[in-house]
Amino acid sequence: EKGGFPHFMLKEIFEEPEVLRNALAGRIKNGKAHLPEMESVQSRIKSARNIQIVACGTSYHAGLVLKRFLEDHASISVEIDVASEFRYRNIHIDNSTVVIAISQSGETADTLEGIRKVKAQGGTVVAVTNVVGSTLARESDVVVYLNAGPEIGVAATKTYVSQLAVLYIIGAYFSQIRQDDDRVIQIINELEGMPTVFESTLSTINESIVQLAKEYYQYRHFMYIGRGYGYPTAMEGALKLKEISYIHASAYQAGELKHGPIALLDKEFPVFAIVPDDGLKAKVLSNIMETRARNARVVAICTEGDQEIGRIVNSRIEVPRVSEVLYPLVMSPYLQLFAYHAAVLRGNDPDKPRNLAKSVTVE
Ligand code: F6R
């Protein structure tokens, strides 16, 4: 059932090209996002004053990417909160509130309580989930499914990739309704090519990531840093590493280092820098220099052909060049594989991390 792979997690990472195809199937027409399931809430999206995103864990990280996408391309301000905080906050909700709830399982207790509160106060809930007939799907106004198939590994991998793909489509859909940003046409166009991009990267990257994991799996700490669209990637990379390898990993906005966290760094505390060639690259590079000055080893994940970075870091992973919003997607399998191999090298079972359950149905 593991299809020749030693673990479900690895099998599911290698399913990502197919998962992307399924997430996008039928959802792009004439270069535009096509989501008939959202038609009934179209006018509410058009008139919404702001958007609220609610999710937990990895789904929250996918939500962070959507927040930035909507702000950049649909000219609307977006709030996001983890569901366990959202449900106890006194936020103003009325019939102009549109909430996007993201939950792979559709059964996460805090997320469900969050949307119940929204519904009780007249708001509209758009659900993004993988599970047909889940509680979230039943209780929301509209549902956009991931169609990713079941995920057995406890740590989310292929479903994160699938969430990002679906959220880009949703972001593009909001943009079409509210703003019509030409850049979105280019993003959709690239998104359509992503299954092929994933196929070629997954067929070549595994061995070099094994080597990288061998260099780093014995460290006790890791600090992931990023800015802009790189920050959710830093958070998700750190979460994956800590939950299956049990290496302590934290994530910071790279600009925040000097406000405290940089005090932790020394040669025993490596940094994983997310540094795509986007509008914030120069800023991240100067943050990397700050960490090098503390003797921290630095692994960078960057855009292919970036000579500048090679000169200042210890190790480098290169990803294909894409529009800046798509880097969280294109970088995902690399970070997942790094965490996977670190976990295996440390003797852990990555499919069943200690203390964790696949779906968190209690508060
Ligand atoms: C991490 C992971 C968890 C889930 C979180 C939310 O790898 O899987 O952080 O993302 O428990 O679960 P869902 O998306 O089912 O609501």
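Every number here is computed from the coordinates shown, using simple stated rules; none is lab data. Please read these numbers as outputs of a predicted model, since none were measured by experiment. All Cβ positions, glycine included, derive from the backbone under ideal geometry; neighbour counts span all protein chains shown.
How would the stretch 1-113 be classified by its alpha-carbon gyration tensor: rounded, prolate or oblate, with rounded meaning a/c under 1.5 and the a/b versus b/c comparison settling the rest? Here the stretch 1-113 falls in the oblate category.
Taking the Cα centroid of the stretch 153-191 and of the stretch 195-251, what is the distance between the two, rounded to the nearest whole Å? Distance between centres, Cα-based: 22 Å. The GluC sites (Glu not before Pro) of the stretch 282-349 meeting both criteria, a DSSP state outside H, G, I, E and B (loop) and at most 13 other C-beta atoms within 10 angstrom of the site's C-beta, are Glu304.
A Cβ-based charge dipole, computed about the Cα centre of the chain with Lys and Arg at +1 and Asp and Glu at -1, lands at about 580 debye.
Of the residues Tyr340, Ser315, Gly305, the one whose Cα sits farthest towards the positive end of the charge dipole of the stretch 305-363 is Tyr340 (charges of +1 on Lys and Arg Cβ, -1 on Asp and Glu Cβ, taken about the Cα centre).
From the square roots a ≥ b ≥ c of the eigenvalues of the alpha-carbon gyration tensor of the stretch 261-353, which class results: rounded (a/c under 1.5), prolate (a/b over b/c), or oblate? Verdict is oblate for the stretch 261-353. Ranking Ala127, Ile185, Ser162 by how far each Cα lies toward the positive end of the dipole of the stretch 119-193 (charges on Cβ) leaves Ala127 at the top. Computed over the stretch 141-253, the P(r) tail beyond 22 angstrom holds 50 percent of alpha carbon pairs.
With both labels modelled 7 Å from their Cα along Cα-to-Cβ, the Ala120 to Ser250 distance reads 3.5 nm. Taking the stretch 1-30 and a reference point 7 angstrom along Cα→Cβ of Ile185, the backbone N atoms nearer than 13 Å belong to 30. When exposed loop sites are taken as trypsin sites (Lys or Arg not before Pro) in a DSSP loop with at most 11 other Cβ atoms within 10 Å, the longest stretch of the chain clear of them is 90-219. Counting every C-alpha pair in the stretch 194-291, the share spaced more than 24 angstrom apart comes to 26%. Database remark: amide H of Thr303 closer than 5 angstrom to the amide H of Asp277, Val319 (H placed geometrically; neighbours at sequence offset of 5 or more, or on other chains; Pro and chain starts carry no H). Shown is the FRET efficiency for His34 and Glu71, computed with R0 = 22 Å from the Cβ-Cβ distance and rounded to the nearest 0.05: 0.45.
Across all directions, the average projected area of the convex hull around the alpha carbons of the chain is 17.1 nm².
With respect to the cross-link table entries Lys158/Lys352; Lys214/Lys267; Lys32/Lys119; Lys240/Lys352; Lys11/Lys352; Lys32/Lys158, which display a Cα-Cα separation exceeding 19 Å? Check vs 19 Å cut-off fails for Lys32/Lys119; Lys32/Lys158. In the chain, the longest principal axis of the Cα atoms and the axis of helix 281-292 are about 40 degrees apart. Here the Karplus curve 6.51 cos²θ - 1.76 cosθ + 1.60, taken at θ = phi - 60°, turns the phi angles of the stretch 130-142 into couplings of 9, 10, 5, x, 5, 4, 4, 4, 6, 9, 9, 6, 9 Hz, with x standing for Gly and Pro. Annotation for Ser96 and Arg292: the two label points, set 7 Å from Cα along the Cα-Cβ direction, are 5.0 nm apart.
Here the Gaussian network model covers the chain, with springs between Cα atoms less than 10 Å apart; of Gln176, Gln307, Gln42, Gln307 fluctuates the most.
Overall, the stretch 1-113 carries a charge dipole of about 440 debye about its Cα centre when +1 sits on the Cβ of Lys and Arg and -1 on the Cβ of Asp and Glu, all other atoms neutral.
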